[in-house]
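Q: I'd like to ask you about the structure that follows.
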């Protein structure tokens with residue numbers, strides 16, 4: 001995740017600090033190595049959003065095109081299910097960025113959960129088919 005709460009303020013990961021997950025309230029650690037994007041990770045192995053995936057540079061670059069307050073917005077359904085949208089605009093539209101393939105059932109589940117949403121998919125990973 002790009003943001004966690006540090007002393008109640010949304011913040012990006014910085015070396016040596018701890019935060020709290022805005023999705024579930026669990027403690028997080030800042031991961032700021034050289035091989036992966038700087039990010040927050042849960043201290044425990046618990047996953048607060050079953051749709052969570054490792055974030056790629058492609059994914060982060062798309063999120064960065066939007067204001068930070070629109071990024072990683074927490075949603076709770078009437079049933080108590082929690083998910084974190086990549087981007088949610090002030091008008092309520094959710095934008096999800098998808099780098100890798102996901103099963104059709106999961107795609108449908110996300111669309112039903114968010115209701116008003118748009119997918120941005122990385123089509124450059126697919127082989128080019130010439131007729």
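The values are calculated or read from the model by the stated rules, or taken from the named source; none is laboratory data. Every value quoted in this text rests on a predicted model; they were computed, and no experiment measured them. Note that each Cβ is placed from the backbone with ideal geometry, even for glycine, and that neighbours are counted across all protein chains shown.
Q: Need the failing condition index for residue 65 against (1) under 23 Å from residue 125 (Cβ atoms); (2) in contact (Cβ under 8 Å) with a residue 24 or more places away in the chain, just the number.
A: Failed condition: (2).
Q: Say we look at the stretch 75-102 and pick out the residues that are free of Cβ contacts under 8 Å to residues at least 12 places away in the same chain and surrounded by fewer than 13 Cβ atoms within 10 Å (Cβ to Cβ); which of these is nearest to residue 117 (Cα to Cα)?
A: 91
Q: Go through (1) closer than 28 Å to residue 116 by Cβ; (2) touching a strand residue (DSSP E or B) at 6+ places or on another chain (Cβ under 6 Å); (3) without any contact (Cβ under 8 Å) to a residue 60 or more places away in the chain; (4) crowded, with 17+ Cβ neighbours inside 10 Å for residue 22 and report which single condition fails.
A: Only one criterion in (1) closer than 28 Å to residue 116 by Cβ; (2) touching a strand residue (DSSP E or B) at 6+ places or on another chain (Cβ under 6 Å); (3) without any contact (Cβ under 8 Å) to a residue 60 or more places away in the chain; (4) crowded, with 17+ Cβ neighbours inside 10 Å is unmet by residue 22, namely (3).
Q: Restrict the check to the stretch 93-105 and report whether at least one residue is over 19 Å from residue 1 (Cα atoms), at pLDDT 90 or above, part of a helix (DSSP H, G or I) and out of contact with any strand residue (DSSP E or B) (no Cβ under 8 Å at 6 or more places or on another chain).
A: Checking the stretch 93-105: at least one residue is over 19 Å from residue 1 (Cα atoms), at pLDDT 90 or above, part of a helix (DSSP H, G or I) and out of contact with any strand residue (DSSP E or B) (no Cβ under 8 Å at 6 or more places or on another chain).
Q: Kindly indicate which of 72, 55 is within 12 Å of the chain's Cα centre (by Cα), in contact (Cβ under 8 Å) with a residue 60 or more places away in the chain and surrounded by 10 or more Cβ atoms within 10 Å (Cβ to Cβ).
A: 72
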